[in-house]
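Structure record follows, encoded as structure tokens.
The values are calculated or read from the model by the stated rules, or taken from the named source; none is laboratory data. The structure presented is a predicted model; accordingly, all values stated were derived computationally and were not measured. Cβ sites come from the backbone with ideal geometry, for glycine too, and all protein chains shown count toward neighbours. Each accessible area value is taken on the protein alone, full model and side chains, heavy atoms only, with ligands, DNA and RNA left out. Shrake-Rupley method; radii C 1.70, N 1.55, O 1.52, S 1.80 Å.
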Amino acid sequence: MISMCLSAFLAPAVLHSNTVVYKPRCIQPEFTIVHKQTRLVDIVMPNQGDVVERSTQARSVSAPIDGSQIRLMLDMDEQIRIRSTDGRATEWSDPFKQHAPEPEAEQTPSWALGAVWYNIFPERFDNAEPRNDQGWPHGTPIGWQDNWFTVTPDEFEASANRAIASPRRYRDDHERDRQPLHDVVFERRFGGDIQGIQRRLGHVESLGATAIWLCPVFDAVSLHKYDATDHRHIDPNLGWPGKVPPNARQEFTQDHNHWDWTPADLAFVDGLIPAVHERQMKLIIDGVWNHVGTAHPAFQNALEQGAASPYSDWFDLHYDGSGRVTAWRAWDRRNGNLPAFSQRMGDLVAGPKRHVFDVTSRWMDPNGDGDPSDGIDGWRLDVANEVGMAFWKDWRSHVRSINPDTVLFGELWFDGEDYFGGKAFDAQMNYPVAFALLPWLSGEPNAEIAEDVTKALDHHPATVLTQMNLLASHDTARLVSLLANPGLEYDQGAGLGAEDFDRSKPNPESFDRLELAYAVLTALPGSPMVFAGDELGVWGADDPENRKPLPWPDLTGDPREAELALRTTDRISRWLRLRSDPIVGDVLRYGGWRLSTVQDILVIERDLNGQRVRLYANPLRLRKETDIGPVWPCSARLVVLNESGDWVDIHGPSEKPG
């Protein structure tokens with residue numbers, strides 16, 4: 001934030017012998033360079049009535065009566081000046097030529113400001129290539145429309161056989177003292193794939209999304225792929241164009257010069273990436289640099305050769321007197337399925353660090369020609385706080401050396417300030433916003449909701465605009481079910497077997513609250529995120545139930561389910577598409593913001609270049625009267641201030657109560 005003394009302003013001070021003597025009135029408007037490339041700047045006006053004049057615009061911009069800050073998006077080489085109420089003005093100047101921006105204002109990719117994110121869990125998204133579906137030994141193929149809670153005899157048998165073949169990894173409950181679903185659900189495979197994602201890009205675009213985040217797609221044993229077997233390759237069961245041959249997986253080598261491209265890799269690089277970019281959307285993928293799966297070749301080699309393995313220093317291993325591995329550190333538990341890479345002084349040791357850097361380069365610039373346009377556009381970093389800052393600083397520099405326009409998100413369930421400012425990430429999965437908003441959206445009273453959300457937005461404004469604002473994810477219960485189960489701690493009490501969590505189809509009020517939730521995310525500064533399926537009305541408890549296959553209207557055999565999916569998609573997309581609206585889109589993506597609470601109503605005001613937009617959000621079951629008129633129960637109204645000074649409706653609830 002930069003202050004500037006404007007001594008050009010003069011005010012009458014003393015009257016001597018009928019002569020007015022003027023003395024300099026030094027005011028200090030504060031300038032904050034929000035973002036250099038988009039030329040966003042915040043100006044705090046110290047005196048009511050002072051205005052900003054623009055060299056390329058006829059109209060001046062003044063601060064609202066109830067606030068002193070304005071946000072401008074300046075044209076290239078445009079200059080501004082401050083004019084006081086007595087008509088005097090400062091010299092013309094360009095704030096971007098006078099002041100050096102903070103790292104956030106200079107390094108954050110412009111396309112990530114106010115983006116609309118769509119998160120896909122690939123195995124459960126859509127199955128467009130059934131021939132590549134995963135089966136024995138690690139998966140049991142299940143029909144896309146099969147009843148989720150029904151366990152077949154074949155699943156029982158497969159579960160028992162897995163426990164016999166690999167008792168350390170698979171644990172079958174021979175006593176059957178718990179629900180049968182528990183024994184089989186994590187090995188179910190529904191066949192979602194890269195081809196299915198590409199088939200549904202029209203849906204993603206029509207929803208209003210401008211960017212896609214894919215949960216892991218690298219070769220792995222599990223359905224979730226957070227247990228990488230090989231970061232060099234797309235999982236064959238996610239991308240192979242046809243039946244996966246027995247020799248699909250290539251021999252592991254550290255030398256990136258000998259890494260070939262499989263048909264599954266090419267389905268991603270030559271198929272999905274350009275298809276996303278053709279629709280003017282961006283694509284980021286999950287990077288899991290903390291741990292791998294036990295099937296990873298480096299870990300397997302360390303187990304087989306012990307202390308003599310060239311990969312023995314990649315992991316934290318314990319040996320017996322002969323050098324044989326007896327134990328290892330893992331993310332999930334001691335001797336677990338997710339062995340962790342070794343770290344020293346907050347940095348990955350040399351072997352895995354070099355490998356991760358090579359993998360990063362591979363997917364960011366697949367053909368290695370120095371032009372990253374054929375690669376991914378960023379990374380979401382799993383369990384980011386468990387990898388040391390020394391690694392993140394080096395890795396960020398490596399990423400930006402390949403593509404300066406790459407965005408980096410950390411999975412952080414706490415305030416991520418220590419990771420921002422050019423240190424590690426541009427933003428985070430903004431769980432702190434979810435902690436504040438979700439109880440209130442569920443109907444729990446909170447007179448301080450504006451203050452609570454404001455605290456979660458206390459970062460550099462470029463970071464605020466980039467934050468991935470979410471309310472639920474692949475690690476929580478489905479959003480509509482969270483809204484239907486008020487009173488629970490966030491991400492608590494909704495797991496497999498939780499008896500007090502209502503798993504049934506939510507009532508209409510909960511779907512009204514779902515629309516309200518996305519209305520708030522649309523208006524809130526930052527980048528709203530949709531976990532794929534929320535827009536289809538998917539309900540359910542936490543993992544694994546939140547990861548059910550999606551009920552696409554053209555695939556489901558239940559007309560009521562299809563109608564719900566279509567209606568819910570329409571309700572949510574009407575809000576999210578406002579981010580691209582020609583009238584209010586830029587204000588919602590880039591605008592400044594003020595939050596307030598009036599009669600239990602949360603008011604989110606955004607402003608840009610003098611244009612003001614407000615959302616009035618009502619989580620109560622009562623209609624509330626406001627200065628713009630009524631706001632219906634469990635709904636929101638978006639209004640814009642016209643030239644006459646009247647608030648005019650832009651959008652309201654899709655299904656207004658009678």
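Relative contact order for region 197-243: what percent, with Cα pairs under 8 Å and sequence separation of 6 or more? It rounds to 24 percent for region 197-243. Sorting 459-472, 234-247 by their mean Cβ neighbour count within 10 Å, with the most densely packed peptide first, gives 459-472, 234-247.
Mean sequence separation of contacting Cα pairs (under 8 Å, at least six apart), scaled by the length of region 538-626, corresponds to a relative contact order of 14 percent.
About its Cα centre, the dipole of region 463-572 is roughly 220 debye, where the only charges are +1 on Lys and Arg Cβ and -1 on Asp and Glu Cβ.
Under 22 Å of direct C-alpha separation, and excluding same-chain neighbours fewer than eight residues apart, Lys624 reaches these lysines: Lys656.
Axis angle, to the nearest 10 degrees, between helix 508-523 and the longest C-alpha principal axis of the chain: 60 degrees.
Counting only alpha carbon atoms, the long axis of helix 350-364 and the longest principal axis of the chain meet at about 70°. Here the peptides 536-545, 324-333 are ranked by packing, the mean other Cβ count within 10 Å, and the order with the highest first is 536-545, 324-333. Solvent-accessible surface of the chain, taken per residue with a 1.4 Å probe and all protein chains present: 40 Å². When the Cα atoms of region 585-658 are aligned to their principal axes, the ranges along those axes come out at 36, 21, 20 Å in descending order. For q values of 0.05, 0.09 Å⁻¹, compute log₁₀ I(q)/I(0) with the Debye formula on a Cα-only model of the chain, without solvent. Debye intensities relative to I(0), on a log10 scale: -0.26, -0.80. To put it simply, the accessible area of the chain at a 1.4 Å probe is 49 percent carbon and sulfur. Rounded to the nearest angstrom and listed largest first, the equivalent-ellipsoid semi-axes of region 445-545 from its Cα gyration tensor are 25, 15, 14. Please express the Cα-Cα pair-distance distribution P(r) of region 540-634 as a list of whole percents, one per 10 Å bin, running from 0 to the bin with the greatest distance. Going from the shortest bin to the longest, the percentages are 13, 27, 31, 23, 5, 0. When you restrict to C-alpha pairs under 8 Å that are six or more residues apart and normalise by the size of the chain, the relative contact order lands at 12 percent.
The long axis of helix 389-402 is offset from the longest Cα principal axis of the chain by roughly 80 degrees.
The reciprocal of the average 1/r between distinct C-alpha atoms defines the Kirkwood hydrodynamic radius, which for region 92-165 equals 18.0 Å.
Computed over region 491-571, the range of Cα coordinates on each principal axis works out to 36, 33, 22 Å, biggest value leading. Peptides 278-284, 364-370, 335-341 ranked from most to least packed by the mean count of surrounding Cβ atoms within 10 Å: 335-341, 278-284, 364-370. Charge tally around Asp369: other residues with Cβ under 15 Å, Lys/Arg +1 each, Asp/Glu -1 each, net -3.
Across all Cα pairs in region 398-471, the calculated P(r) in 10 Å bins from zero up to the longest distance comes to 20, 46, 24, 8, 2 percent per bin.
If one computes P(r) from the Cα atoms of region 171-262, what percent of pairs lie at distances over 15 Å?
71 percent
Measuring between alpha carbons in the structure, the pairs from Lys225/Lys548; Lys353/Lys423; Lys282/Lys548; Lys225/Lys505; Lys243/Lys548 lying more than 27 angstrom apart are Lys225/Lys505.
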